[in-house]
Amino acid sequence: MNRAITLVVAIATLTSNVVSSILFAQLPDDTYHLASNFSWYLHFANVLSVFGFIGALRQHALSIALFSNYLIFDTILCAIPRFLLVTLLQDLSATICTPPSFTYHPQSAQSLPTLSLPPPQTESPFSWGLGESWSEESCYKMVSLAELAMAAGVIAATLLQFVGALMVREYAKALWLREVRQEFRTVASVERVSLCEKRGLPVVFEEEEMGEKCS
């Protein structure tokens, strides 16, 4: 079960990083080179995701441990801009739903006899093509619901990534303990065979205990 979860998390992380790398490559470069620097981080994350995928296939504890540590670090690192984005979007409703203010000068319109300029009507951009039933209050409600949905999605994605990282880490720990037990059994088996040979006793192989003992 943990192996399947590790494979799914590795594939999902690798897909997300590849898509993000392609999107960031299309952005124009800025003064601080944020897009290019984050692209390099995504390339590094892709390498660790491949480590996690191959480690899950081969059941290699070290590769999966490196992948799990990256997931925990990435969860903490990406949580900061995610919540900052949600905070900045709180002013989105005031920007979108507030109608623009126009200053209308009747005298300027009268000075142009060939041009008839009706007084501009202030309306929200969301009211275009939606009829008179769409009001500024409805716009605020819709944008507020969108902000809540985005905030819930950000929190759910962060928690899901963190829980997945912990499960991957537990799987790496279980594999490491299994490797330690196997190494201990191998060393103990070699020591028993050596002891039997020193005593001149025959060695009996037992499949259930996966070891040897003197008869």
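Brief remarks follow.
- Condition broken by Ser21, with the remaining ones in (1) surrounded by fewer than 15 Cβ atoms within 10 Å (Cβ to Cβ); (2) touching a His at 6+ places or on another chain (Cβ under 8 Å) satisfied: (1)
- Filter result for the condition that a residue is modelled with pLDDT under 80 and either more than 18 Å from Ala12 (Cβ to Cβ) or within 18 Å of the chain's Cα centre (by Cα) (or both), over Val143, Val154, Val163: Val143
- Any chance Glu170 is modelled with pLDDT of 85 or more, surrounded by fewer than 16 Cβ atoms within 10 Å (Cβ to Cβ) and among the charged types (D, E, K, R): yes
- Taking segment 63-74 as the range and being free of Cβ contacts under 8 Å to residues at least 60 places away in the same chain and over 15 Å from the mean Cα position of the chain (by Cα) as the test, the residues that pass are Ser63, Leu66.
- Cβ-Cβ contacts under 9 Å between residues 6 or more apart (or on different chains), taken from a first residue in segment 172-191 that is in contact (Cβ under 8 Å) with a residue 24 or more places away in the chain to a second residue that is surrounded by 12 or more Cβ atoms within 10 Å (Cβ to Cβ) and among the aromatic types (Phe, Trp, Tyr), are listed as Ala172/Phe67.
The values are calculated or read from the model by the stated rules, or taken from the named source; none is laboratory data. Only a predicted model underlies this, so the values are computations on that prediction, with no experimental measurement involved. Neighbour counts run over all protein chains shown; Cβ positions are idealised from the backbone, glycine included.
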